[in-house]
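A quick write-up on the structure given underneath.
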Amino acid sequence: MKHDHKPFSPAQGRAVRAAYGGDVADRVRRFTPMVRRLAWHLHAHRDGIELEDLMQVGLMALTEAARRHAGPGEDGFAAYAKMRARGAMVDLIRRHVPRSRGNGERRRLLREHETALRASLGREPREDELAAAMGLSGTELASLRAQCEPLRFEALDEAYSDGDPAFADAMPDALTMLQDQQLRGHVTAAIAALPERLQLVVQLYFVEELNLAEIAGVLEVSIPRVHQLKAQALDRLRAALEGVAELI
C-alpha cells in the first residue's frame with residue numbers, strides 16, 4: 001500500500017515518516033502468492049527437497065527485495081521480486097541436487113551392481129540384496145535412488161489443477177469484492193466529509209498506525225487533545241455510516 005504524505009506539512013511529513021517504517025510487510029503479503037506459484041513450479045513433486053523449504057527461501061528473498069527496492073512503480077518491484085525469489089529457490093535446489101557428474105557415477109554403480117546380481121541370481125535382485133551387495137542400508141539405497149533421479153521442471157499449465165488446494169486463490173469471490181468496494185466507497189465518502197484536522201487524525205491513527213503520543217508530536221498538541229479529536233472523528237463516522245457499517 002502506498003501512503004501519500006503530500007497533505008502533510010514538511011514537519012508533519014518528517015514526523016510521520018520517522019514513526020512509520022514503510023510498506024515491507026504489505027508488499028510481502030501481496031506478493032506471497034507469486035512466491036507460492038514459483039515454489040510449486042520448481043518443486044515439481046520431486047523427492048528430496050520440501051516445498052516448504054522452497055517457500056521459506058523465496059519469502060526470505062521477497063522480504064529482502066521489499067526492503068531494498070526503492071524504484072518507482074509496483075511493476076518494477078514485481079519483476080525484481082520474482083527474479084530474487086526464483087533465484088533463491090534455484091540456488092537451494094542446486095545445493096541439494098547432486099551435480100550431473102555425480103549423478104552419472106551413482107547411476108553407473110547402481111547399474112553395475114544390478115547387472116552383476118541379475119547375472120548371478122538369474123532374476124531381478126531385491127532391494128535388500130542390492131543394498132547388501134553395495135554395502136548400504138535399505139534407507140541409504142532408497143536415498144541413493146532418489147538422488148539419481150533427474151530434476152524435473154513441469155510446465156505450470158500441466159501441473160495446475162482447479163481441484164488442487166495448493167493453487168487455491170486467497171482472494172475473495174466476486175460478490176464479496178463488490179460488497180467490499182461499495183463499503184470502501186461509503187467509508188471514503190464519510191472520511192472525506194470530516195474536517196481536515198479530523199481527517200488527519202484518522203489517517204495517522206488507522207492508516208499510518210501511529211500511537212496517540214506520536215500523533216500528538218505530529219500535530220503539536222497534547223495527548224488528551226488527540227484522544228478528543230479521535231473520539232470526535234469516530235462519532236461523526238458512526239453517524240455517517242449508520243446502517244452501512246459498524247465501527248467499534
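The values are calculated or read from the model by the stated rules, or taken from the named source; none is laboratory data. These numbers were taken from a predicted model, which means no experiment stands behind them. Cβ atoms come from the backbone with ideal geometry, glycine included; neighbour counts cover every protein chain shown.
Points worth noting:
- Contacts under 6 angstrom Cβ, first residue in region 28-52 being acidic (Asp, Glu), partner modelled with pLDDT under 85, 6 or more apart: 47/146
- Elements of the type helices (runs of 4 or more DSSP H) sitting completely within region 100-213 and holding at least 1 residues that are over 30 Å from residue 236 (Cα atoms) and either under 25 Å from the mean Cα position of the chain (by Cα) or modelled with pLDDT under 75 (or both): these cover 100-121, 138-148, 156-159, 174-192.
- Among the residues making up region 203-213, those that are buried (at least 19 other Cβ atoms within 10 Å of the Cβ) and hydrophobic (A, V, I, L, M, F, W, C) are 204, 210.
- Pair list, Cβ < 9 Å and 6+ apart or interchain, from region 216-229 residues that are surrounded by 14 or more Cβ atoms within 10 Å (Cβ to Cβ) to residues that are part of a helix (DSSP H, G or I) and among the basic types (Lys, Arg): 216/225; 219/197; 219/225; 229/197
- Whichever residue in region 41-73 is basic (Lys, Arg) and over 26 Å from residue 145 (Cβ atoms) and, among such residues, is modelled with the highest pLDDT: 67
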